[in-house]
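Read the structure below first, then the notes.
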């Protein structure tokens, strides 16, 4: 299998050649635009090699991708210059006022003609050129993904190869090229083919929307997003399950992963920090399921959370003091309640000179310190050997002499390993856990330690938890979609068979604003003195 051709950066002449891909066959000129009729010219010189537009590409068409550019022959250049001289300039696009005046007068452009998408970046399913985009992208996608070196090919080179291949396929079938009206629509077509072949496909617009936090697609016909804290149904523009699988393969290629035969579950992290979760049939009953959680463009600090009303300034100061005093802090909450965001903000309060190790199943934390070691567990595949667990990474971090350990998600036997380390004198640990109440958090940790195979009785584990844990912060997502820290409590010891907790700050809801539906309330201190900041040095 020959390697991909080495190319240089395209210059202005090559860019012009890309834009005028209809010069040889089916060129659309300004005269065709004025009358609303598309004029097709004879195809290019048949002596020049061209790829056949068959439904299944042969080996030569797959391997011998087109070159990125060729210098024009003197005769062709002379003819092109004469055509450009004789051809009138393209009609100026009317302004909004002129378009409205023309429409009121009954003239102007044919309103039935296809227009560019409002986004200006992607041809969607309702666009007249969508069948052509789908046909070109599906064929080019199969050609590219048959190459074993696609994972190591730079993205810029892949984009150029896709554009050139799409141009050659359109030249081979003038009836398809005649559907494109002008150069701007031709560029939009090429951009859409590249997006379908290498990018996010119909999800491209949602990925660029900064107000969208999470995207969920269930089969090719249903999708919803979380936008500004609210769940919204959106139009799903996938053709079928195969279309979804191609887009999934595109995202996995960016993450350096591939679909494993016989294993339908995939967890990956994209280069921009987006967390990707995929479930494929037969495990997914209603078709492939895609869940994407986008990261924050800028990690939020405690001051940022106080500015948006997630907690009060007093609560932020208290948590910052606990972090700097090396207290062991647990962040708990329900799903999508802002636990990871609060944990990341607590990490930002750590001194810059300390060595920090983050241990996660999927890399979500974004720390600004320099001395940070990010470790990610490796899940076991369908037929692979045992992977690297969170407990293995925790042992490695403790042996490596890290001064701070941050567990992004504690839901396994790593809870017992961390408990033993903290009981042996290790301080300054941070961890996240699922729980909807403070007491549920302690019960969950106790259950995880018992499930790790220890022979210690439950009372002993409970007493060690009371001796090692210092502060618990509870987060929640309210009914209006906002996320807040609703309680901060201190662990104040073990009494008989229960762990004593004392609330330091809490959120008190006072009502709901009727017109907007926003939850009204205030953060209130308990008025009690913090024992953790007094008793422990």
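The values are calculated or read from the model by the stated rules, or taken from the named source; none is laboratory data. None of the values given here were measured: they were computed from a predicted structure. All Cβ positions, glycine included, derive from the backbone under ideal geometry; neighbour counts span all protein chains shown.
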Residues within the stretch 493-518 that are surrounded by 11 or more Cβ atoms within 10 Å (Cβ to Cβ) and modelled with pLDDT under 90, tallied: 6
Only listed residue being in contact with a strand residue (DSSP E or B) (Cβ under 7 Å, 6 or more places away or on another chain), within 22 Å of residue 251 (Cα to Cα) and part of a helix (DSSP H, G or I), chosen from 189, 203: 203
Breaking point among (1) in contact with a strand residue (DSSP E or B) (Cβ under 7 Å, 6 or more places away or on another chain); (2) surrounded by 15 or more Cβ atoms within 10 Å (Cβ to Cβ), for residue 326: (1)
The listed residue being surrounded by 18 or more Cβ atoms within 10 Å (Cβ to Cβ) and under 20 Å from residue 195 (Cα atoms), out of 253, 242, 258: 253
Odd one out for residue 224 among (1) in a loop (DSSP other than H, G, I, E, B); (2) over 19 Å from residue 363 (Cβ atoms); (3) free of Cβ contacts under 8 Å to residues at least 40 places away in the same chain; (4) touching a strand residue (DSSP E or B) at 6+ places or on another chain (Cβ under 7 Å): (1)
Some residue of the stretch 445-460 being buried (at least 22 other Cβ atoms within 10 Å of the Cβ), under 30 Å from residue 231 (Cβ atoms), at pLDDT 90 or above and touching a strand residue (DSSP E or B) at 6+ places or on another chain (Cβ under 7 Å): no
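Within the stretch 315-334, identify whether any single residue is under 27 Å from residue 259 (Cβ atoms), within 23 Å of the chain's Cα centre (by Cα) and either at pLDDT 95 or above or outside the structural domain of residue 222 (by TED's automatic domain parsing) (or both), and answer yes or no.
Of the stretch 315-334, the ones under 27 Å from residue 259 (Cβ atoms) are none.
Within the stretch 315-334, not a single residue is under 27 Å from residue 259 (Cβ atoms), within 23 Å of the chain's Cα centre (by Cα) and either at pLDDT 95 or above or outside the structural domain of residue 222 (by TED's automatic domain parsing) (or both).
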Hits in the stretch 388-409 - residues which are free of Cβ contacts under 8 Å to residues at least 60 places away in the same chain and surrounded by 21 or more Cβ atoms within 10 Å (Cβ to Cβ): 390, 393, 394, 397, 402, 404, 405, 407
Selection within the stretch 227-241 - touching a residue at least 40 places away in the same chain (Cβ under 8 Å) and within 13 Å of residue 288 (Cα to Cα): 239, 241
Filter result (in contact (Cβ under 8 Å) with a residue 40 or more places away in the chain and outside any strand (DSSP E or B)) within the stretch 474-498: 478, 479, 480, 481, 482
